[in-house]
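Engineer: One structure follows; several queries about it will come next.
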Amino acid sequence: MANFYKNAFYDPSTTDVVTLYTCPNNANAIVQNIQVTNESGNKIVKASVYDSNVTTVFQVAYASITGPTICNLAKGPIILEENDTIRLESSDVSDISATLSILEISREDQNG
C-alpha cells in the first residue's frame, strides 16, 4: 500500500461543472482542502462529489464569496472511493481559481 499526495487545480473556462479529480479504481482518496481564491467581485462556488457506487451527485459545499479573498470549501475531510469524482463549478470564470489537496491511498505497491 502506498500513499501519494496530489493536487488538482481549478482555473475555469466555463461556468459548467468541471471534474477535477477521479479516484483510481485501485485506491481511496481523502480530499483535505479545497482552497478557493476570488480576486474580485461576487461569485458562487459549489463543490460536489459523484458517488460511483450509487451513481448520484451530492453537493458537499456552497459558498458565496466576495473578493478579494481566499476560503476553504472543505470544512472537513471528504472521502472518495474507487471511481468517485470531485467537481467544482462557479458563477463566473474570471478572477477565480482553486486548489485541491488530496491524499491518495493505493492498494498496490508503489513499484507494482
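No lab work stands behind these numbers, since they all come straight from the coordinates. Treat the numbers as computed from the prediction; the structure is a model and nothing was measured. Methodologically, a virtual Cβ is constructed for each residue, glycine included, from the backbone with ideal geometry; neighbour enumeration extends over all protein chains shown.
Engineer: Yes or no: segment 25-47 includes at least one residue that is part of a loop (DSSP other than H, G, I, E, B), among the acidic types (Asp, Glu) and touching an Asp or Glu at 6+ places or on another chain (Cβ under 8 Å).
Structural biologist: Checking segment 25-47: not a single residue is part of a loop (DSSP other than H, G, I, E, B), among the acidic types (Asp, Glu) and touching an Asp or Glu at 6+ places or on another chain (Cβ under 8 Å).
Engineer: Can you go through Asp84, Asp95, Asp11 and tell me which one is under 28 Å from Met1 (Cβ atoms), touching a Ser or Thr at 6+ places or on another chain (Cβ under 6 Å) and acidic (Asp, Glu)?
Structural biologist: From the options Asp84, Asp95, Asp11, the qualifying one is Asp84.
Engineer: Going through segment 63-82 one residue at a time, which ones are within 24 Å of Glu104 (Cα to Cα) and in a strand (DSSP E or B)?
Structural biologist: Listed by number, the residues that qualify are Cys71, Asn72, Ile78, Ile79, Leu80.
Engineer: Still on this model: From the list Val54, Val17, which one is hydrophobic (A, V, I, L, M, F, W, C) and over 19 Å from Ile79 (Cα atoms)?
Structural biologist: Going through Val54, Val17 in turn, the sole match is Val17.
Engineer: I would also like to ask the following. Any idea how many residues of segment 80-112 are surrounded by 13 or more Cβ atoms within 10 Å (Cβ to Cβ), more than 15 Å from Val18 (Cα to Cα) and either of a type outside the set (Asp, Glu) or within 16 Å of the chain's Cα centre (by Cα) (or both)?
Structural biologist: 10
Engineer: Still on this model: Only one residue in Phe58, Phe9 is more than 24 Å from Arg107 (Cα to Cα) and either buried (at least 18 other Cβ atoms within 10 Å of the Cβ) or under 10 Å from the mean Cα position of the chain (by Cα) (or both). Which one?
Structural biologist: So the residue among Phe58, Phe9 that is more than 24 Å from Arg107 (Cα to Cα) and either buried (at least 18 other Cβ atoms within 10 Å of the Cβ) or under 10 Å from the mean Cα position of the chain (by Cα) (or both) is Phe9.
Engineer: Looking at Glu39, is it over 27 Å from Met1 (Cβ atoms), surrounded by 13 or more Cβ atoms within 10 Å (Cβ to Cβ) and out of contact with any helix residue (DSSP H, G or I) (no Cβ under 7 Å at 6 or more places or on another chain)?
Structural biologist: Yes; evaluated as a whole, the condition is true for this residue.
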